Amino acid sequence: MADSAQAQKLVYLVTGGCGFLGEHVVRMLLQREPRLGELRVFDRHLGPWLEELKTGPVRVTAIQGDVTEAHEVAAAVAGAHVVIHTAGLVDVFGRASPETIHEVNVQGTRNVIEACVQTGTQFLVYTSSMEVVGPNTKGHPFYRGNEDTLYEAVHRHPYPCSKALAERLVLEANGREVHGGLPLVTCALRPTGIYGEGHQIMRDFYRQGLRLGGWLFRAIPASVEHGRVYVGNVAWMHVLAARELERRAALMGGQVYFCYDGSPYKSYEDFNMEFLGPCGLQLVGARPLLPYWVLVFLAALNALLQWLLRPLVLYVPLLNPYTLAVASTTFTVSTDKAQRHFGYEPLFSWEDSRTRTILWVQAAGSSAQ
Ligand SMILES: NC(=O)C1=CN([C@@H]2O[C@H](COP(=O)(O)OP(=O)(O)OC[C@H]3O[C@@H](n4cnc5c(N)ncnc54)[C@H](O)[C@@H]3O)[C@@H](O)[C@H]2O)C=CC1
Ligand SMILES: C[C@H](CCCC(C)(C)O)[C@H]1CC[C@H]2[C@@H]3[C@H](O)CC4=CC(=O)CC[C@]4(C)[C@H]3CC[C@]12C
């Protein structure tokens with residue numbers, strides 16, 4: 001990636017490239033990265049949509065693999081200039097065991113770092129999460145915070161614990177010498193709750209609302225603000241960070257950036273209604289219909305049932321003590337660090353993000369996908 005080789009075409013690897021965010025990163029790279037020569041898409045489950053991308057001018061290589069298998073990761077990374085590591089096990093519902101979450105999110109990330117070091121790949125962008133910071137177990141609000149805001153980040157749940165450990169590995173790896181003698185340059189991007197085309201929880205809420213005759217029932221007070229960011233802007237931020245890591249290595253190396261855009265600050269449910277409302281659903285109640293202690297009780301009951309039923313059946317309700325804590329604790333970011341460090345501006349306005357999401361919810365809700 002030297003200046004003398006302006007015309008050099010670059011090889012990018014996207015791990016988790018067939019996931020919700022990963023697919024947007026892959027498509028964004030193809031649309032917006034002029035130096036892209038080859039795009040490797042690494043995922044445990046490859047999407048059929050990749051086939052259509054193979055007919056374009058950029059070579060797209062689909063690699064079915066597991067980030068927990070060091071040799072598979074090393075083979076995929078070899079010869080890549082840049083790695084965008086978004087693969088992860090996103091599970092706050094108790095589907096997977098804590099050990100599996102740790103294995104994929106922490107050991108998987110370790111494997112990616114080691115592969116970069118062994119094969120000489122110099123640039124690594126990691127998809128971290130707001131969950132690395134909070135909400136913490138004490139339910140402290142994080143109100144319009146930025147990357148420097150002091151906050152007591154204390155976690156017990158396996159998902160935020162694993163993301164925090166993995167992020168630390170990535171940041172500590174910055175500056176390590178890779179094969180060939182150059183330094184590894186890393187950074188971590190921390191999205192808040194991502195929404196947009198492909199957001200399965202949004203689709204599930206829509207279908208649930210349709211089943212209930214068009215009604216959803218407020219569970220969380222409207223005053224609790226929850227940070228949200230549009231998937232297209234998160235993808236754009238990854239592409240831009242990956243592009244600028246070389247030129248601004250000294251500034252960006254070892255840094256974390258919250259992902260942000262112009263999406264409004266609202267409660268989780270009121271925000272969802274920005275899309276579900278135009279699709280015909282209504283949120284019942286200006287205040288939560290059930291007192292908070294009832295929700296706490298139901299969440300605990302769900303956790304108990306999940307544990308009791310585990311030998312027989314996997315019971316995975318949306319409501320559990322952790323999701324209730326996240327949904328009912330204010331967590332919003334207000335920062336311009338990505339703009340200052342690498343010139344990030346959201347690619348999609350709030351109006352565009354909203355329209356695109358509504359169109360997707362309408363299509364996804366009525367189809368059987
Ligand atoms: N969805 C959200 O609101 C947020 C997500 N994130 C992070 O963004 C990243 C992407 O998340 P989503 O797209 O929402 O999740 P997703 O589940 O849609 O995508 C994750 C992808 O990783 C792949 N994957 C999982 N385990 C793998 C393994 N062992 N080897 C190879 N590939 C594997 C999956 O097959 C999937 O395609 C994750 O690292 C997550 O922690 C961060 C903040 C918010
Ligand atoms: C499922 C929750 C909403 C249901 C609450 C109920 C049952 C009371 O109506 C979701 C509320 C907040 C979500 C999380 C948040 O957006 C932050 C996240 C970041 C990540 O890195 C992964 C996903 C998630 C943990 C996200 C998961 C769903 C919620 C808990």
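Checking Tyr126, Tyr159, Tyr143, Tyr151 one by one, the residue that is out of contact with any His (no Cβ under 6 Å at 6 or more places or on another chain) and part of a strand (DSSP E or B) is Tyr143 and no other. The residues of segment 19-36 that are without any contact (Cβ under 8 Å) to a residue 60 or more places away in the chain, in a helix (DSSP H, G or I) and either open to solvent by 20 Å² or more (accessible area, probe 1.4 Å) or at positive phi (or both), listed by number, are Leu30, Gln31.
Only a single criterion out of (1) out of contact with any Gly (no Cβ under 7 Å at 6 or more places or on another chain); (2) within 19 Å of Arg356 (Cα to Cα) is not satisfied by Arg243, namely (2). Residues in segment 184-224 that are more than 16 Å from ligand 1 (Cβ to nearest atom) and either in contact with a helix residue (DSSP H, G or I) (Cβ under 8 Å, 6 or more places away or on another chain) or of a type outside the set (Gly, Ala, Ser) (or both): 18 in all.
Checked against the criterion of being more than 14 Å from ligand 2 (Cβ to nearest atom) and not charged (D, E, K, R), the candidates Gly214, Gly134, Gly209 yield just one match: Gly214. Scoring Thr186 on the criteria (1) over 23 Å from Tyr230 (Cα atoms); (2) assigned to a strand (DSSP E or B); (3) in contact with an Asp or Glu (Cβ under 8 Å, 6 or more places away or on another chain) leaves a single failure, condition (3).
Criterion applied to Gly262, Gly277, Gly253 was being modelled with pLDDT of 95 or more, open to solvent by less than 20 Å² (accessible area, probe 1.4 Å) and either over 30 Å from Ala173 (Cβ atoms) or not β-branched (Val, Ile, Thr) (or both), and the one residue passing it is Gly253. Does Leu169 satisfy the criteria of being away from ligand 2 (no atom under 16 Å from the Cβ), surrounded by 14 or more Cβ atoms within 10 Å (Cβ to Cβ) and assigned to a helix (DSSP H, G or I)? Yes, satisfied. The residues of segment 209-258 that are of a type in the set (Gly, Ala, Ser) and over 22 Å from Gln122 (Cα atoms), listed by number, are Gly209, Gly213, Gly214, Ala219, Ala222, Ser223, Gly227, Gly232. Taking the condition of being open to solvent by less than 20 Å² (accessible area, probe 1.4 Å) and closer than 28 Å to Ser128 by Cβ, how many residues in segment 207-231 meet it? The number of residues fulfilling the criteria is 8.
The values are calculated or read from the model by the stated rules, or taken from the named source; none is laboratory data. Predicted model, so just to flag it, every value in this text is computed and none were measured. Please note: Cβ atoms are built from the backbone with ideal geometry, for glycine as well, and neighbour counts cover all protein chains shown. Only protein heavy atoms, including side chains, enter the accessible area calculation; ligands, DNA and RNA are left aside. Shrake-Rupley method; radii C 1.70, N 1.55, O 1.52, S 1.80 Å.
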